[in-house]
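Participant: Here it is, the structure in full.
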Amino acid sequence: MLICLPSVKRSNRSYRQCTIMANTQDRRNPPTPIPMSVITGFLGAGKTTLLNRILKEPVLENTAVIINEFGEIGLDHLLVDTIEDGIIELSSGCLCCTIRGDLVITLEDILRRIDNGRMKKIDRVIIETTGLADPAPVLHTVMLHPYLVMRYRLDGVVTLVDSVNGLDTIHSHEEAVKQIAVADRIVLTKADLQEPSDELLAEVKHLNPGATFLSAQDGSATTAALINCGLYSPESKIPDVQRWLREGAYKDEQASHDHHGAGHDHHHDPNRHGRDVRAFTLETDMAIPNAALEMFLDLLRSAHGPKLLRVKGIIKTVEHPDQPLVIHGVQHVFHPPARLAGWPDADQRTRLVFITKGLSEGFVKKMFDAFTGSVAVDTPDHTAMMDNPLFIGGFSGTFK
C-alpha cells in the first residue's frame, strides 16, 4: 500500500496535541523508541536497488519505509517494489531542509496510526533520501523534535558510494562528502562494473575512518550488517562502546595524515571537496566538570556548528565518575546525552571522536584543553574560562 503525503498534510495539529485523545501508554512508561535508519548516497549510487533487496528479508517485515521524490513528478517510487504495508511517499520535494516540516508530519502520523490502532506496530523506520540531499537536516528532524526524539531513536546512517563514479562525485559535490562523513556503514556499489580504486578507498576512509565498509556485490551488505549500528549491542542489549566509537580507526587516520602531511600535501588539490575534512580523537584521564563540558560543547557548536560533520564520545564527569555520559552530534545539533549505568569496559577515559570540515584538530584540542584544565603555555586556563561571564550559559542542566 502506498500512502501519499498530501492526505497527511490536511491536519495542522501537532501530534503532541493529538496524543491527548489517543489511547497511548502511561507517560511514565513510554513505548520503546522505534529505531530509524537513513539510507543515503549520491545520484545513481544504487539506493533503490539496495532497498528493494533488503525489504524482501524477513527481519524487515514490520518496517515503515519513507521514500523521497525530487520535483513535481515522482519517479523513485515506481522503482520500489510494492510491499504489503508501510511505504510512505514524500512527493513535495527532496528530504532536506525544505521538507523537514513534511517529514515531521509523516513521522507523527505513523505514531498516531499505531497508537490509534489503525496501523500495526512497526519494528523500524527506514528513510531513503534523495541523492542530492545533505543528510544532516533529516537527522536533525528527529534529534531536535521534543516528542519524536522520545519515540524514535537514530540507529544509523547507511551511505552508498558508486565504485565507478564515486571519486569524481566526492571531488565535485559537497553533498557527497557530507553523506560519507555522517555514515555508520559505507556500501560500495557497482563493483561488478569496476573494482573500487585504491584512491577511492583511501579518500572514503579519509572522510570517515570509523565507518564499516561493505560491498553490494560480495554479499557483505546484508540486512544484519546494515542495521543495529547504535551504541547498544543487538545481541547483549548492553553498551558496546568499542564497536560504536571505533576510536582506533580515527587514530590510524590521524597517524596516516600526520605522516603524509610532512611532505605529500603537494599531491592534493586544496580546492577539492573533502581535502579539508579531518577525523581525529581527543582523550583525557581527567574527570570533566559538567559546567566545563557544557560550555565547551556550546561554544564549539554555536561558533563552528556547520564545520562539525559528526561528533561522538563517552565522557567521564566529575559529578558522576562511575556513570559515563554518551554524546552524539551532527553539525550544530546534539542528540540528548545519555548517562550509562556504569562503564561498559575497563577503559574509563573520556574519548571523543570528531569529523570536521575546515576546523583543525589543533584548534579543537586547544579549546578542549582550556575547558578541561589541561592548560598549555600562553593559553586561557580553565579557571579564567569558568570565571568569564562571556562563556557562561549554553547547555545548562543538560548533563545533570
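Derivation of every value follows stated rules applied to the coordinates shown; laboratory data play no part. As the structure is a computational prediction, the values presented were derived from the model and not from experiment. Cβ sites come from the backbone with ideal geometry, for glycine too, and all protein chains shown count toward neighbours.
Participant: Around I126, which amide H atoms from residues at least 5 apart in sequence, or from another chain, sit under 5 Å from its own amide H, with H modelled in the peptide plane?
Facilitator: S37, A64, V65, I66
Participant: At 7 Å along the Cα-to-beta-carbon direction for both A255 and S233, put a label point, then send me their distance in nm to one decimal.
Facilitator: Going from the A255 label point to the S233 one covers 2.6 nm.
Participant: Further question on the same structure: From the backbone phi of segment 312-327, what are the Karplus-calculated ³J(HN,Hα) couplings (6.51 cos²θ - 1.76 cosθ + 1.60, θ = phi - 60°) in whole Hz, Gly and Pro given as x?
Facilitator: 9, x, 10, 10, 9, 9, 4, 6, 9, x, 9, 10, x, 9, 10, 10
Participant: With point charges of +1 on the Cβ of Lys and Arg and -1 on the Cβ of Asp and Glu, referenced to the Cα centre of segment 109-203, which listed residue (T189, A202, T159) lies farthest in the positive direction of the dipole?
Facilitator: Of the options given, the answer is T159.
Participant: Pull up the cross-link candidates among the lysines for K56, meaning alpha carbon to alpha carbon under 23 Å and not fewer than 8 places away within one chain.
Facilitator: K47, K120, K121, K190
Participant: Moving on to the next point. Amide H of L188: which non-local residues (sequence gap of 5 or more, or other chain) have their own amide H closer than 5 Å, using H built in the peptide plane?
Facilitator: V161, L214, S215, A216
Participant: If the cut-off is a Cα-Cα distance under 28 Å, which lysines reach K366, setting aside same-chain residues fewer than 8 apart in sequence?
Facilitator: K178, K205, K251, K307, K312, K316, K357, K400
Participant: Also, I was wondering about something else. Once phi is turned into ³J(HN,Hα) by the Karplus curve 6.51 cos²θ - 1.76 cosθ + 1.60 with θ = phi - 60°, what whole-Hz value does each residue of segment 220-237 show in order, with x for glycine and proline?
Facilitator: Here the 3J(HN,Hα) series is 7, 7, 7, 4, 4, 7, 8, 10, 6, 8, x, 5, 8, 5, x, 7, 8, 6 Hz.
Participant: Residue-wise, which Karplus ³J(HN,Hα) couplings in Hz belong to segment 45-56, taking 6.51 cos²θ - 1.76 cosθ + 1.60, θ = phi - 60°, and x for glycine or proline?
Facilitator: For segment 45-56, the Karplus-derived couplings read 6, x, 4, 5, 4, 5, 4, 4, 5, 6, 5, 7 Hz, x marking Gly and Pro.
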